[in-house]
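The structure appears below as structure tokens.
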Amino acid sequence: MLCTTREKRANAGSKMATLLENEDNDDFYSSAYGGFEDEADDVEYSEEDDEESDTDSDISIDENDELVSDQEDEPTKKRRHKVVTKAYKEPAPKKIKKEVTKSAPKPRSSSPILSGNVERKRMRDSTTQKSLEVRQRTQAAENSRLQDQNKRKSKESHSMTQEQLLEEAKVTELKNLKSLEMFQRLELEKKKTKLIKRTYTGPMIRYHSVAMPMIEVVEGENGKEENKIVGRCTRNFITYPDENTMKQYFNFEKPKPVQKSTCIVSRLPARYFDPLTKQPSANLTAFRIIREAYYTQLEKKVDPRLPHVAKWLEWRKQMRAAKQNPKAVKAH
């Protein structure tokens, strides 16, 4: 609790470096695994440092290269300053150093961040251009508005002479006369096309339906008759223009009774009507008697010399003989 709550001192850790220098060296680091101390003539370590320094010098920072953050540099620094520990080896003979050919720097591929920056730059340019066009259009509209306003002010401020006023009045009068003539012509056309309601002037029959009070006659206290309104009722009236029209539509003569046709043979109510003789008949027997009488009279009026009449007269004789002797007809 004390360490977490108390404030940090301004000179905290200032004597740590002096303490480490005065500390006694441990034999373990000088004897185990060949020792951990740096060797002055360490060829391999020096070559690695040289290669790293050469590659660092070859790389040049371009304007379009990416910026490397400090966090990415930290592991490389730690790798360079880290103490190299290796097993014990016999000292190798010195080798002749070969000239290291410096390789040409590889062309770096364009970074996606760069393309994104270019795209954003293009977008910014298009946005700037559009905003500039909008500003120009707004300025042009404002200028035109101001010009129109100035023209109106100049017209209003310009005072006309008496002669100019008279000329303008004449022109206005002509325009008004033309518009008046056009209006009058349109009104006449409307009156022509307007439908005129036709009124019927002939005789008319009117039907009237009215409500009237119902009056009941009652005897009063003095024995006199008095009229008392009991309720209301409806009355329908039909009025005619003259008496002849009323007689035409309302004929008061009684219609003639329909006479029922009777059979001329039996004097019974007729049920049938013969279209040839135009006579009614009550039954089949009366019908045959009427037809026989008709044929008998027809035989006296026709000319027997005609071939078709002679043939018909022969058929009549056979039928008459058949009626007199029905047995002979059956045997034949």
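What follows draws every value from the coordinates through simple rules; no lab data is involved. Just so it is clear, the model here is predicted, and its values are computed rather than measured. Cβ sites come from the backbone with ideal geometry, for glycine too, and all protein chains shown count toward neighbours.
Within the stretch 247-294, track down each residue that is of a type outside the set (A, V, I, L, M, F, W, C), part of a loop (DSSP other than H, G, I, E, B) and either surrounded by 12 or more Cβ atoms within 10 Å (Cβ to Cβ) or under 60 Å from the mean Cα position of the chain (by Cα) (or both). Walk me through it before giving the result.
To start, the set of residues in the stretch 247-294 that are of a type outside the set (A, V, I, L, M, F, W, C) comprises 247-249, 251, 253-257, 259-262, 266-267, 269, 271-272, 274-275, 277-281, 283, 285, 288, 291-292, 294.
Those left that are additionally part of a loop (DSSP other than H, G, I, E, B): 251, 253-257, 259-261, 266-267, 271, 275, 277-278, 283.
The answer is 261, 266, 271, 277, 283.
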Got at least one residue in the stretch 203-211 being in a strand (DSSP E or B), within 30 Å of residue 246 (Cα to Cα), in contact with a Phe, Trp or Tyr (Cβ under 9 Å, 6 or more places away or on another chain) and of a type in the set (Val, Ile, Thr)?
-> yes
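Select from the stretch 295-317 the residues that are among the charged types (D, E, K, R), within 25 Å of residue 278 (Cβ to Cβ) and loosely packed, with under 10 Cβ neighbours inside 10 Å and list them in ascending order. Write out each step before concluding.
Of the residues in the stretch 295-317, the ones among the charged types (D, E, K, R) are 299-301, 303, 305, 311, 314, 316-317.
Next cut, within 25 Å of residue 278 (Cβ to Cβ) only: 299-301, 303, 316.
Residues satisfying the conditions are 300, 301, 303.
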